[in-house]
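The values are calculated or read from the model by the stated rules, or taken from the named source; none is laboratory data. This structure is a prediction, so every number in the text was calculated from the model and none was measured. Backbone-built Cβ (ideal geometry, glycine too); neighbour counts: all protein chains shown.
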Amino acid sequence: MTSEKENTSNVNDNERWASLIGGGALVLYGLSQRSLRGVLVAIAGGGLADRGVSGGTPAQSAENMSNIKVEKTVTIDKSPEELFACVRFLKAEIAA
């Protein structure tokens, strides 16, 4: 008899181990960098490690959700150029 978790897995055992090991390595590497890029690498590694642990993907999890309710939406009334300028400014501040 197989468990429900095994039935919903769309990743084979080899992929799960590779995801878990590779994701863990990315998390450790990213955190050792102590930078914004390192944080992003660590987040990506965490997602990969989660895939290894859960045996599924976020898209598969979303398919299993039956009721999604959006509480709020946000509209930014600025041009893309203004938004990118703001992001560049924030990146420069974080890097400093």
Practice item. Kindly list the number of the only condition in (1) at pLDDT below 90; (2) of a type in the set (A, V, I, L, M); (3) within 15 Å of the chain's Cα centre (by Cα) that fails for Ala44. Key: (1)
Point to revise | Which listed residue is modelled with pLDDT of 85 or more and closer than 29 Å to Gln33 by Cα, from Gly56, Gly52 | key: Gly52
Practice item. Take the range 70-96 and flag every residue that is at pLDDT 85 or above and over 23 Å from Gly38 (Cα atoms). Key: Asp77, Lys78, Ser79, Pro80, Glu81, Glu82, Leu83
Review point. Can you find even one residue in the range 23-40 that is under 15 Å from the mean Cα position of the chain (by Cα), part of a helix (DSSP H, G or I), modelled with pLDDT under 90 and not polar (S, T, N, Q)?
Key: no
Review point. Looking at this structure, is Ser19 at pLDDT 85 or above, touching a Gly at 6+ places or on another chain (Cβ under 8 Å) and loosely packed, with under 13 Cβ neighbours inside 10 Å?
Key: no
